[in-house]
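Take a look at the structure below.
The values are calculated or read from the model by the stated rules, or taken from the named source; none is laboratory data. All values reported here derive from a predicted model rather than from experimental measurement. Glycine also receives a Cβ, built like all others from the backbone with ideal geometry; neighbour counts cover every protein chain displayed. For accessibility, only protein heavy atoms count, side chains too; no ligands or nucleic acids. Shrake-Rupley method; radii C 1.70, N 1.55, O 1.52, S 1.80 Å.
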Amino acid sequence: MIKLRRTTIEDVDLLLKLDKQPSTQKYLGGIKNKTKDERILFLTKKELNKNAYTVLLDNILIGFVELKVSGEYGEVSYIYDCE
């Protein structure tokens, strides 16, 4: 079963794992040399964003999804563990 929950700084280990996956970063331009503290700061901002979610499959963290809305337009961004 797929579940969504609000993203928190406790999700930092998954984000660091995804940062290192070439297959995940292929279309994102690749995130290089981000420290754990930098990624915690990034996730702290996501905690304040009520449209940022962590995705779980059978209670295993597998990625992130975010909905950005501007007027009548929206954008869905996502990143998943490919390995």
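Rank-order 38-50, 14-26, 69-81 by packing density, defined as the average count of other C-beta atoms within 10 Å over each peptide's residues, highest first.
14-26, 38-50, 69-81
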Filtered hits (lysines, Cα-Cα < 21 Å from K46, offset >= 8 within chain) -> K3, K17, K20, K32, K34, K36, K68
Evaluated at 10 °C and 1.306 mPa s, the Stokes-Einstein D of the chain based on the Kirkwood radius over Cα pairs, in µm²/s, stands at 119 µm²/s
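So, with a 1.4 angstrom probe, what is the percent of accessible area on the chain that is carbon and sulfur?
C and S fraction of accessible area: 58 percent.
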Over segment 1-66, with neighbouring protein chains present, the accessible area per residue in Å² at probe 1.4 Å is 66 Å²
